[in-house]
Amino acid sequence: MNKLIPVALCLLTTAGYAQNNAKKAIPFAEKQTDVMLKAIPAAIAASTKPNAVSPRTLSTTGELVMIPSKDWVSGFFPGELWYLYEYTHNNKWLTAAKAYTTNIEPEQFDKGTHDVGFKIYCSVGNGYRLTKDAHYKEVIIQAAKTLSTRFNPIVGCIKSWDNRKNWPFPVIIDNMMNLELLFEATKLSGDSTFRKIAVSHANTTMKNHFRPDYSSYHVIDYDPQTGAVLHKQTHQGYADSSAWARGQGWGLYGYTLCYRETRNKAYLQQAEAIAKFIFSHPNLPKDKVPYWDFNAPDIPNAPRDASAAALMASALYELSTYSSNGKQYKKTADDIMNSLSKHYQAKPGESKGFILLHSTGHKPANSEIDVPISYADYYYLEALLRQNRLANGQSVIAQ
């Protein structure tokens, strides 16, 4: 019996840490989001973009950058509001979440982008999960129908970008994140077509996107007539042969969710192999918040990417519940969250209400470098909720 006491104390300490982390971090996020909500009207009025509805980042002069619903990032802020409501049950956040989600709903019909999954599932998807509103259900199903029009059965994937002169059928690793919309649509509609498309995309991506060490290319370009791979390269990373940090996170998260939805062990093994690459990499900093690219030439002076760290932590919490390596995954996720909460948060009341600082959007384009970005805050809040659920003995994926 005495041998069990240290283990029990360890478990209690871990649970207490997670609960305390959420108890501190969520109120901070609420206060910051209040600041942002107050800043948004003036930012919309000053915006040069028509129909700006969601905050994305800060400009080089520190102003809040607002974006239209067509921007791939637009669904994250409504998702943050849903997460705040989920944790606090405060109707203030419910009202705000509904309002900002309504602004994103037209994207259910946008056939010109694979990002309909990001836009609709992060906003409307969370709204449906928490309210079971029948209207949200219909939006999700329609968005899945729209996304499915981009699927090429010869290639076996959903096309990512249109109108790319040098890429007839580009598929990016980010696209793994849009599969969750398809899996959900099959469950809501009973139409297995969506699920079959998601599985095909995951299998083809697993075959072609990854190197022997399980790092990922950013872009694979296919011949849409034959399905042959034409090019393997990067777009937002340092080089074609490098490991762009957020891209590694998209893969980790994507194959974890694919395992959840299918219980195909190949996806679990893929997620575990990606995690091994990331967290055993010699260029991963001690605080486990990665540089924007694992092969950036100016390490250790390269910009960090807090958004990649938050994304990875959220994925690890879920992966910890499926894998025999779960204890280590959870500890790593806790370490990341501790780093983000202690050293990457904005100062209270500053940064126009963003929660995390030090993310990197598109370094090769000199865009959004060392700034707050809404998707960093989204995955940070998601990770906090998952961490808290685990501490309370609940399922990491709330239904």
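The values are calculated or read from the model by the stated rules, or taken from the named source; none is laboratory data. The structure displayed is predicted, hence computed values, not measured ones. Reconstructed Cβ throughout: ideal geometry from the backbone, glycine too, with neighbour counts over all protein chains shown. Protein only, heavy atoms only, side chains kept; ligands, DNA and RNA dropped before computing areas. Shrake-Rupley method; radii C 1.70, N 1.55, O 1.52, S 1.80 Å.
Each part gets one Cα centre, and for the stretch 31-57 versus the stretch 336-399 those centres are 19 Å apart.
Sequence-distant contacts, meaning Cα pairs under 8 Å at least 6 residues apart, place the relative contact order of the chain at 16 percent. Computed on the stretch 98-156, the Cα convex hull volume stands at 75 Å³ per residue. In this structure, the amide hydrogen of Ser54, modeled 1.01 Å from its nitrogen in the peptide plane, lies closer than 5 angstrom to those of Ile67, counting only residues at least 5 positions away or on a different chain. Other residues with beta-carbon under 13 Å from the beta-carbon of Pro50 carry, at +1 per Lys or Arg and -1 per Asp or Glu, a net charge of +1. Of all the Cα-Cα pairs you can form in the stretch 325-396, what percent are over 16 Å apart? Result: 56 percent of Cα pairs exceed 16 Å. Under the simplified labelling scheme, the Asp162-Thr48 pair shows an inter-label distance of 2.5 nm, with each label point 7 Å from Cα along Cα→Cβ.
Computed in the context of the full set of protein chains, the accessible area of the chain at 1.4 Å probe radius has 52% of its extent on carbon or sulfur. With one equal scatterer per alpha carbon and no solvent term, the Debye-computed log10 I(q)/I(0) for the stretch 56-137 at 0.15, 0.18 1/Å reads -0.52, -0.72.
Derived scalar couplings between HN and Hα for the stretch 233-240 equal 7, 10, 9, 9, x, 6, 8, 4 Hz in order, rounded to whole Hz, by the Karplus curve 6.51 cos²θ - 1.76 cosθ + 1.60 (θ = phi - 60°), x for Gly and Pro. Taken along its principal axes, the alpha carbon cloud of the chain reaches lengths of 63, 54, 49 Å, longest axis first. Sorting 325-332, 267-274 by their mean Cβ neighbour count within 10 Å, with the most densely packed peptide first, gives 267-274, 325-332.
The phi-based Karplus calculation (6.51 cos²θ - 1.76 cosθ + 1.60; θ = phi - 60°) puts the 3J(HN,Hα) values of the stretch 61-77 at 9, x, 8, 6, 9, 9, 10, x, 5, 5, 5, 4, 8, 4, x, 6, 5 Hz, whole numbers, x for Gly and Pro. With a simple spin-label model that places each label point 7 Å from the Cα along the Cα-to-Cβ direction, the separation between Lys196 and Ser395 comes to 2.7 nm. Close amide H pairs (under 5 Å, H built 1.01 Å from N) link Tyr222 with Phe169, Val171, Leu230, residues at least 5 positions away or on another chain. Using alpha-carbon positions, what is the distance between the centroids of the stretch 134-213 and the stretch 58-98, in Å? Measuring centre to centre over Cα atoms gives 25 Å. Under 5 Å from the amide H of Gln345 lie the amide H atoms of Leu357, each residue being 5 or more positions distant or on a separate chain, with H modelled from the backbone and absent for Pro and chain starts. Note down the net charge around Leu381, summing +1 for each Lys or Arg and -1 for each Asp or Glu among other residues with Cβ under 11 Å from its Cβ. Cβ neighbours under 11 Å give a net charge of -4.
Rounded to whole numbers, the Karplus 3J(HN,Hα) couplings from phi for the stretch 80-86 are 4, 5, 5, 5, 5, 5, 4 Hz, using 6.51 cos²θ - 1.76 cosθ + 1.60 with θ = phi - 60°, and x at Gly and Pro.
Short-range pairs are left out: with C-alpha atoms under 8 Å and at least six residues apart, the relative contact order of the stretch 309-399 is 31 percent. Alpha-carbon geometry of the stretch 9-149: the Rg and the Dmax are 16.8, 56 Å, given in that order.
Note that the stretch 336-377 presents 39 Å² accessible area per residue, ligands and nucleic acids not counted, probe 1.4 Å. By the Cα gyration tensor, the stretch 220-279 has an equivalent ellipsoid whose semi-axes, rounded to whole angstrom, run 23, 18, 9 from largest to smallest. As a ratio to 2.2 N^0.38 Å, the alpha-carbon radius of gyration computed for the stretch 244-366 takes the value 1.08.
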